[in-house]
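Down below is the structure, laid out as structure tokens.
Derivation of every value follows stated rules applied to the coordinates shown; laboratory data play no part. The structure displayed is predicted, hence computed values, not measured ones. Neighbour counts are summed over all protein chains in view; Cβ atoms, including those assigned to glycine, are modelled from backbone coordinates with ideal geometry.
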Amino acid sequence: MRFRTIREAQLALLPRFAGCIGLAALTLLPVVASAQDLSVAAAADLQFAMQDITSRFEKQTGKKVQVVYGSSGNFAQQLRSGAPFDMFFSANLDYPRGLQEDGLIEPGSFDIYARGKIVLWVPNGSALNPSTGLSALLQPTVKKIVIANPEHAPYGKAAVAAMQSEHVYERVKEKLVLGENISQAASFVTSRAADAGIVALALALSPNMKDKGKYAEIPVTDYPPIEQACVILRSSKNKEVARKFLLFLQSKPIQDLLRQYGFDIAPEATHR
């Protein structure tokens, strides 16, 4: 399926994200966007950080940034079908690299901007102590554990790797509930549709979650690095604005901001 407009792409993606945290993930962009507007497809873990980043960019440049949030794998598939976004922010490196290999990326635009982290999160009132590690999931009171779908969500793949590393995966895999992306997974556990969840630190720190439960970071040695990359699409009609946004993202104030939102800055990002 080919997409001629951002609206068509959004309508195709909308059912996939129907449980996401925050209405921003479900908001349709205007039918007619200015030629100077920037349209961005972004991994769901970036929702709160990106709202702050784009607000600052808009104030500095006067350019409007419109963002749709979802799972990186789904976006990569849609971009191959012609979804008309200017930039893609993925929660891993594989999807943008795949697009690069297919010739869909503007040369020189591939940028590793951050590393994500995962945490074990439980709602307020839970008897589970997340600081004891993933072995807490073995408690008989735990009936449902939510993670993002590892088939296309990098945070889901990291969650499975962490559970395997701590030798609990085989014992809890029948209890797993899959969110379409990490934002939907977080919404499942905050609504108590699950007893515990492995979610992004960036979401655990967000206004939607920080007062609703408790969490403990999962050791980064338990899972492969969640290195996150962004690219400019070769089909973009707004490459000049996209390059300005990429440079803005690489600035020290924005790197510091990303740290505040629960991301590490990848070594590649600190040696530009």
**OP:** Tell me which residues come under 5 Å, amide H to amide H, from L38 once H is placed; ignore anything under 5 positions away on its chain.
**Re:** K64, V65, Q66
**OP:** Straight distance only, please: which aspartates and glutamates reach the Cα of K214 with their own Cα at less than 19 Å, same-chain residues fewer than 8 apart left out?
**Re:** D45, D195
Original post:
In which sequence would M209, M87 go, from the one with the fewest C-beta neighbours within 10 Å to the one with the most?
Top reply: M209, M87
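Indicate the gyration tensor shape class of segment 116-222 (rounded, prolate or oblate), computed on the Cα atoms with a ≥ b ≥ c the square roots of the eigenvalues: a/c under 1.5 is rounded; otherwise a/b larger than b/c is prolate and the rest oblate. Please report the intermediate quantities before stating the final value.
Working: a/c = 1.27, a/b = 1.08, b/c = 1.17.
Rounded.
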Original post:
Each residue of segment 84-96 in turn: what ³J(HN,Hα) in whole Hz from Karplus with 6.51, -1.76, 1.60 and θ = phi - 60°, glycine and Pro shown as x?
Top reply: x, 9, 7, 9, 10, 10, 9, 8, 8, 8, 4, 5, x
Subject >> Residue-wise HN-Hα coupling along segment 187-203, computed from phi with Karplus coefficients 6.51, -1.76, 1.60 (Hz; x: Gly, Pro) >> reply: 5, 4, 7, 5, 7, 6, 6, 9, 7, 7, x, 9, 10, 6, 4, 4, 7
**OP:** Enumerate the amide H contacts of A114 below 5 Å, restricted to partners 5 or more residues apart or on another chain; note that Pro and chain-start residues carry no placed amide H.
**Re:** Q228, A266
**OP:** Go through K212/K252; K143/K210; K64/K157; K64/K252 and tell me which ones have a Cα-Cα distance over 25 Å in this structure.
**Re:** K212/K252; K64/K157
**OP:** Could you order peptides 59-69, 44-54 by the average number of other Cβ atoms within 10 Å of their residues, highest first?
**Re:** 44-54, 59-69
**OP:** Collect residues whose amide H, placed 1.01 Å from N in the peptide plane, falls under 5 Å from the amide H of I105; neighbours closer than 5 in sequence don't count.
**Re:** R234
**OP:** State to the nearest 20 debye the size of the charge dipole of segment 116-222 about its Cα centre, where the only charges are +1 on K and R beta carbons and -1 on D and E beta carbons.
**Re:** 240 debye
Original post:
How do the peptides 183-192, 251-260 rank, highest first, by the average count of neighbouring beta carbon atoms within 10 Å per residue?
Top reply: 183-192, 251-260
